[in-house]
1. What number of residues within region 115-155 satisfy the criterion of being over 16 Å from Phe236 (Cα atoms) and either of a type in the set (S, T, N, Q) or modelled with pLDDT of 75 or more (or both)?
2. Restricting attention to region 1-19, which residues are surrounded by fewer than 23 Cβ atoms within 10 Å (Cβ to Cβ), of a type outside the set (D, E, K, R) and over 15 Å from the mean Cα position of the chain (by Cα)?
3. So which helices (runs of 4 or more DSSP H) are wholly in region 1-117 and hold at least 3 residues that are touching a residue at least 40 places away in the same chain (Cβ under 8 Å)?
4. Of these, Phe225, Phe236, Phe257, which one is among the hydrophobic types (A, V, I, L, M, F, W, C) and away from the ligand (no atom under 16 Å from the Cβ)?
5. Just one of the numbered conditions (1) within 15 Å of the ligand (Cβ to nearest atom); (2) buried (at least 18 other Cβ atoms within 10 Å of the Cβ) is not true of Ile356; which one?
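The values are calculated or read from the model by the stated rules, or taken from the named source; none is laboratory data. A quick note: this is a predicted structure, and the numbers were derived from the prediction, not measured. Using ideal geometry, Cβ is built from the backbone for each residue, glycine included, and neighbour counts are taken over all protein chains shown.
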Amino acid sequence: MIKKLNVVLIISDGLRPKDLSLYGRKEEYDSNLKKIAEESVVFEKNFTASNASDSSVTAMFSGQLPRTNGFIHQHPFMRDEEIEKLKKNKFWLPLYLQRIGYQTISATPLHLWFKKGFDFYMSKEQKGQNKFLNNSFVKKILLALPSWAYSLGKKISKKRASPQFYPSNEVVDLAIEKIKESEKENKPFFVFMHLVDTHYPYPIAEMKKFQGGKDLNKLLKEVEFHSQREYLKKRFFDIQAHSIKDIENRRDYSIKFVDKQIYRLYEFIKKEKILEDTIFIITSDHGDSFGEHSIYLCRGGLYDPTIQTPLIIKFPNSKKEIINELTMNIDFAPTILDLIGEKKQNIDGKSLIPLIKSGKKLRDSITITDSYCNDRFCERTKTKKTIITNSGGKCYLCGGEHHKQKKEVYDLENDSDELNDLSKK
Ligand SMILES: [Zn+2]
């Protein structure tokens, strides 16, 4: 029997296309991703089904939109019934691949439902995870505390913002070790890597000194709500930042670091002469805000910087190509099944292969769920976005009321920054 293609799925957490030169940014921190893109298909309009890590990865593994798979809100805001509903899902990518003989490896620690279907995953205990700070109740309390009490508590307990961190160089080392083992066993592998370096608090950049002046007080005047100011003060305190430029510098440093590590894995696969037997997907789970719509370091709101994600797919004999049609992270699983010759599943996502091979458009519009809000979603076409906020607009994460009215409409062709709400006209 012919051995199935290997699959590598890499998420660089919070990475936005607009921060990459591959997507047109002037500054270049992603020279290696650009090299990989030379032999891959790059998607210019790829979106996550949800703006938060947990529900985004759930959408990728289930191939289903949050409303279909039942898992909508980010930890610690999700409800018990969301996990219960998720259990009823029939399709789950790691489990499917495991059943057809893949060695399924997560070179990253996983929690809860993500462990399903993995032969190996990194244990959180290996890194001395702080159970107290990761308790959902404690997380909620910390978010609700006034910033002075928060800072004082953190100073007393000397607890760092990121009690657990798995730098991408270690994740790649582990992936390489596990790939070698699968090769020895002559089994196809599925390697999943969730790199958190590129997400606040950018722990890999922690020890670096960055220049950026001091502008927290200016930002505090700019943000609209008291709770957002409190949130921002805590975020600045946690990483001892002085300005948003300082934080952006840490982000860019982290992008450069992750870019190098991803390429190290890519080069290893090339050296092993299995690149042409491997599907390589590089993406992120959601975006972030660095001042867009006066939102700082929060993913709430459903504006493009928080929901658009990079997507690079390398597969056997793929050639450099740029695709401008709407695609989503729920499409990854059906694309993988298509490429490894498995039959189509009854799920929301669609294989990207017909789009790549013959330019066949998959859909006219996409729906994206806000995982940091009670009931908000958006419908997006290539040129227009409608955001609907059904019951109260308050963001669970930063406390901002990003949307005061029930409906917002943006003309993305003439207003790509989504500043001019046409529903007000
Ligand atoms: Zn928010």
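1. Count: 15.
2. First, the residues of region 1-19 that are surrounded by fewer than 23 Cβ atoms within 10 Å (Cβ to Cβ): 1-5, 13, 17-18.
Remaining after also requiring of a type outside the set (D, E, K, R): 1-2, 5, 17.
Matches in region 1-19: Met1, Ile2, Leu5.
3. Values: elements: 31-37, 53-62, 66-69, 80-87, 93-99.
In region 1-117, the matching helices (runs of 4 or more DSSP H) lie at 31-37, 53-62, 66-69, 93-99.
4. Values: Phe225 fails: away from the ligand (no atom under 16 Å from the Cβ); Phe236 fails: away from the ligand (no atom under 16 Å from the Cβ).
None of the others qualify; the one that does is Phe257.
5. Every condition holds for Ile356 apart from (1).
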